[in-house]
Amino acid sequence: MRPLHIALAALVAAVWGVNFVVIEVGLGHFPPLLFSALRFLVAAVPAVFFVGRPKVAVKWIVGVGLVLGMAKFGLLFIGMDRGMPAGLSSLVLQVQAVFTALFAALALGERPGRVRVLGMAVALAGIGVAAVDEGTSGPVLAFVLVIAAAACWGVSNVLTRKAAPPDSLNFMVWVSTVPVLPLLGLSLLFEGWDRDADALAALDWSGVGIIVYVAWITTVFGFGAWGFLLRHHPASSVAPFTLLVPVFGMSSAALLLDESVSPLRWCAAALLVGGVALTSLAGTRRTRPATTETAEPQPAGA
């Protein structure tokens, strides 16, 4: 990769890592489900009018929109709202690589090799260490919600591979249109009209900046730049940069939110990042013919 493209890949990883801190701050302005709905609304509009018609079947857009947009991000935002630290969330969410490999084996017939199985075991050991650390210092339910979010992300990755979108930015913008109304409905049902109305009435420039960052910077710019890199370089050259996301996430949380990082958490980070590296970069073997073209690998941001 050229130095400029390496810098762009590192910038995208930094944007996605810092996004966890921005989400943490944003949850002080908005209820979690409303916050997630606003994120996708601003990501979709007006971009949807400029990216052209969707380049995959509507069923894949709806499926990924519900699983990734509504379930994954809904669970992540609720988990962080209930006390899951931003830095730890950026780390634990990377177990999506393990869930992706498991679900791909079941749905796509991809048989993981020994190195990938080893990577999954190492990553799960990291989750175990993180669970012990969080269990002694934070709410377990919030931790479980983020794990559930990672599982939903794994499902959405498999759906995306089945869809095989030729343009990741076009696909993500159209996917962003799907969860807006379901999330708004769930917010009204569980968070209440009064709480949502109060949050919107108190909207200030800080709140606007947060929404713009999570929608335009992390989603539109992040996925657009990621797609650009994947069109110019092999996925095996680009994908390793996603391992920097929890590094930037934990570092920015420590610097900006004063989150402490215990020795157990550092141990969990080493195991998770190493395990995800093995899981993501190792090869697979198919047990039956592929039915679709292999899609671009999904990034590990939030």
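Residue count for region 165-212 satisfying the condition of being over 17 Å from Ile78 (Cα atoms), under 17 Å from the mean Cα position of the chain (by Cα) and in a loop (DSSP other than H, G, I, E, B): 1. If you check every pair at least six apart or on different chains, which have Cβ atoms under 7 Å apart with a residue in region 209-235 that is under 17 Å from Ile23 (Cβ atoms) first and a residue that is of a type in the set (D, E, K, R) and modelled with pLDDT of 80 or more second? Partner pairs satisfying both residue conditions: Ile211/Arg39; Val214/Arg39; Ala215/Arg39.
If you go through region 136-160 and keep only what is within 30 Å of Gly227 (Cα to Cα) and either outside any helix (DSSP H, G or I) or not small (Gly, Ala, Ser) (or both), you end up with Leu145, Val146, Ile147, Cys152, Trp153, Val155, Asn157, Val158, Leu159, Thr160. Looking at region 81-89, is at least one residue in a helix (DSSP H, G or I), open to solvent by 50 Å² or more (accessible area, probe 1.4 Å) and free of Cβ contacts under 8 Å to residues at least 40 places away in the same chain? No, region 81-89 contains no residue that is in a helix (DSSP H, G or I), open to solvent by 50 Å² or more (accessible area, probe 1.4 Å) and free of Cβ contacts under 8 Å to residues at least 40 places away in the same chain.
Each residue in region 19-51 was checked for being within 16 Å of Val220 (Cβ to Cβ), hydrophobic (A, V, I, L, M, F, W, C) and surrounded by 24 or more Cβ atoms within 10 Å (Cβ to Cβ), and 4 of them qualify. Scanning region 132-144 for residues that are surrounded by 23 or more Cβ atoms within 10 Å (Cβ to Cβ) and modelled with pLDDT of 85 or more returns a single hit, Phe143.
The residue that is surrounded by the fewest Cβ atoms within 10 Å (Cβ to Cβ), counting only those in region 205-257 that are within 14 Å of Gly26 (Cβ to Cβ) and touching a His at 6+ places or on another chain (Cβ under 8 Å), is Ser206. Under the condition of being part of a helix (DSSP H, G or I) and within 14 Å of Val22 (Cβ to Cβ), the residues counted in region 252-272 number 4.
Which condition from (1) loosely packed, with under 15 Cβ neighbours inside 10 Å; (2) of a type in the set (A, V, I, L, M, F, W, C); (3) in contact (Cβ under 8 Å) with a residue 60 or more places away in the chain is the one that Ala201 breaks? Only one criterion in (1) loosely packed, with under 15 Cβ neighbours inside 10 Å; (2) of a type in the set (A, V, I, L, M, F, W, C); (3) in contact (Cβ under 8 Å) with a residue 60 or more places away in the chain is unmet by Ala201, namely (3). Selection over region 105-123 of residues that are in a helix (DSSP H, G or I) and either touching a Cys at 6+ places or on another chain (Cβ under 9 Å) or surrounded by 20 or more Cβ atoms within 10 Å (Cβ to Cβ) (or both) gives a count of 5. Does region 70-93 contain any residue that is farther than 21 Å from Ile127 by Cβ and of a type in the set (Phe, Trp, Tyr)? No: zero hits.
The values are calculated or read from the model by the stated rules, or taken from the named source; none is laboratory data. Bear in mind the structure is a predicted one, so any value in this text is a computation, not a measurement. Cβ: placed from backbone, ideal geometry, glycine included. Neighbour counts: every protein chain shown. Areas reflect the complete protein model, heavy atoms only, side chains present, ligands, DNA and RNA absent. Shrake-Rupley method; radii C 1.70, N 1.55, O 1.52, S 1.80 Å.
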